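Asker: Sharing a structure here in structure tokens format.
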Amino acid sequence: MRSDHPSPPSPLDSDTASARAAVAPRRRSPGLVLASTSLGTLLVILLTSGLNIASPAIRSTFDAGDTAIGWVLSGYTLAFAMLSLTGGALTDRFGARRVFLVGLGVFSAFSLVAATAPTVALVVVGTFGEGMGAALVLPSALALIQFVYQDVPGRVAWAIGIWAGANALGAALGPVLCGALVSVSSWRAMFVVVALLAVVFALIGRPVLPLLRGGHARLDLPGLLVMVVLLGVVAFLAHDWRALPTAVLAAGVLIAAAAVWLFGRVERRSPAPMLPLSQLRDVSFSANAVVTVVGTAAFFGTLYIVSMGFQDELGMAPFTAGLALLPLAGGNIVSALLAGRIIGRFGVRGAMILGSVLVASVLGVIPLLFDHYGALVVPLALLGAGWGLLVPTTSTAGLARAQPGKEGVASGVTAGGRELGAALAAAILLPLGVRAGVWSAAGVGVVSLLVVVLGVRVHARSASAEAR
């Protein structure tokens, strides 16, 4: 259903482009910027999928329980989810280039903390810190891409498709690279390698990324704090709800509700709100954010379940399990790279519907075929293709609905939504096992499809421009 209120201006408006150019003392080649930001994105997404492959080896080293190992993975995704909106706000305030490079530095430093950790608790500290760095990298990367391509007609959707392909490649390489390092050396080597790659990618990006000074408005610290508390409580409840006493669970729900109320009050009174309430009242923007969370939960829940199932039920080694996911990665990469053409033919919303249909329908089939890997090859490729469409379309739709000067926050909403969805999937779907877990993910995928059909609209002018 179409929203009755006026659509907010697109970030691609010429006035916005002029304003952004006025605070940018230099531009670099768009292709080099796209390559640099894609490398950083690839790295932080690589760990999202790779940590799951390394978890059994970390458990064996420390003789850790399931709860502790769950936090190794969830620590990364929770920090990523909690702080992505903060990363977007920092991007708008201090400039995307600075935030991107600092994010890679934080990611590298905490990777070394995890690599040298003498206890599983310090591994969790390391992965949480890596998530903090990743939360700076993703929204700033998307803001940099939007900036350098905003004056190139019809190329933003294409560039976001390439960037989404880097997301896909990272998700594909994670199980393979991390599985290889764990099998050949150890899980500590995995963290050392990603730390070194973060340094290399920062050195590559430093001379080619444009200097964006950011805005002059004060940082909305109260809004940031309340949002971090809200997302943290929600993620914590999702992760440990089975083990929590009823009283603690009820208290957590009340705290989350109070944080929602307080956030609205803080943003309404702030002279420079981090996330204006008028942005949240944009039905299409909010619906797109919901699709980002729910669609990600369906996909990553299945990725986590299947990768663990390959090892636990089919007896594959970590490296072999990573290789077994290559059909999913292949479909993901091809679809993401073709996303610009598909959007041009069907529009952003049409491509989003196509991706949602692929995800939901394939998930209903996978549990029936899981005992025979050969029968899973085509379904995994189709699942990857569906996800390869959802990443660029939700990113494009979020930017298209962003208010001027809030592109970083809009990117943070999208990035944070994905990681929150991944964290919720790890906490809720993964413990259900292969069949119940994937069928539950299929139900989540259907919900995502319904939200797309009923709620998502893209501003007509920006959508047509992107299609061309």
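The values are calculated or read from the model by the stated rules, or taken from the named source; none is laboratory data. Note that this is a predicted model, so its numbers are computed, not measured. When the accessible area is computed, the model is the full protein with side chains, heavy atoms only, and any ligands, DNA or RNA have been set aside. Shrake-Rupley method; radii C 1.70, N 1.55, O 1.52, S 1.80 Å.
Asker: Taking only Cα atoms, what is the 0 to 90° angle, nearest 10, from helix 66-94's long axis to the longest principal axis of the chain?
Answerer: Computed tilt is about 10 degrees.
Asker: Follow-up question, since we're still on this one. With N set to the residue count of region 303-448, report its C-alpha Rg divided by 2.2 N^0.38 Å to two decimal places.
Answerer: Normalised by 2.2 N^0.38 Å, the Cα Rg of region 303-448 equals 1.10.
Asker: Using bins 5 angstrom wide from zero, how does P(r) for region 266-374 break down, in % of all Cα pairs?
Answerer: Calculated P(r), rounded to whole percents: 2, 9, 15, 17, 15, 12, 10, 8, 6, 4, 2, 0.
Asker: In Å², and per residue, what accessible area does the chain have when probed at 1.4 Å with the other protein chains present?
Answerer: That works out to 37 Å² per residue.
Asker: Next up: Along the three principal axes, how long is region 72-135 when you take its alpha carbons, biggest first, rounded to the nearest angstrom?
Answerer: Sorted from largest, the Cα extents of region 72-135 read 38, 19, 10 Å.
Asker: Using just the C-alpha positions of the chain as equal point scatterers, what log10 of I(q)/I(0) does the Debye formula give at each q in 0.07, 0.10, 0.12 1/Å?
Answerer: Taking Cα atoms of the chain as identical point scatterers yields -0.31, -0.66, -0.98.
Asker: Computing the accessible area with a 1.4 Å probe over protein heavy atoms, can you report the carbon and sulfur percentage for the chain?
Answerer: It is 70 percent, rounded to a whole number.
Asker: Specify the inter-centroid distance of region 74-107 and region 170-196, based on alpha-carbon positions, in whole Å.
Answerer: For region 74-107 versus region 170-196, the Cα centre distance is 23 Å.
Asker: Hey, what's the Kirkwood Rh for region 105-246 if you take every pair of different alpha carbons, in angstrom?
Answerer: 18.1
Asker: Nearest 10 degrees is fine. How inclined is helix 339-363 to the longest principal axis of the chain, computing both from alpha carbons?
Answerer: 30
Asker: Here is a further query. Give me the orientation-averaged projected area of the Cα convex hull of region 200-313, in nm², one decimal.
Answerer: Mean shadow area of the hull around the Cα atoms is 12.0 nm².
Asker: If the viscosity is 1.002 mPa s and the temperature 20 °C, what Stokes-Einstein diffusion coefficient in µm²/s follows for region 312-394 when Rh is the Kirkwood radius over Cα pairs?
Answerer: Calculated translational D: 162 µm²/s.
Asker: Using only the Cα atoms of region 276-333, construct the convex hull and provide its projected area averaged over every direction, in square nanometres to one decimal.
Answerer: 5.4
Asker: What's the angle, to the nearest 10 degrees (0 to 90), between helix 221-240's Cα axis and the longest principal axis of the chain?
Answerer: 30
Asker: Quantify how much of the Cα-Cα distance distribution of region 60-188 extends past 27 Å, in percent.
Answerer: 27
Asker: Something else: Take the eigenvalues of the Cα gyration tensor for region 404-451, scale each by 5, and report the square roots as semi-axes in whole Å, largest first.
Answerer: Those come to 28, 13, 5 Å.
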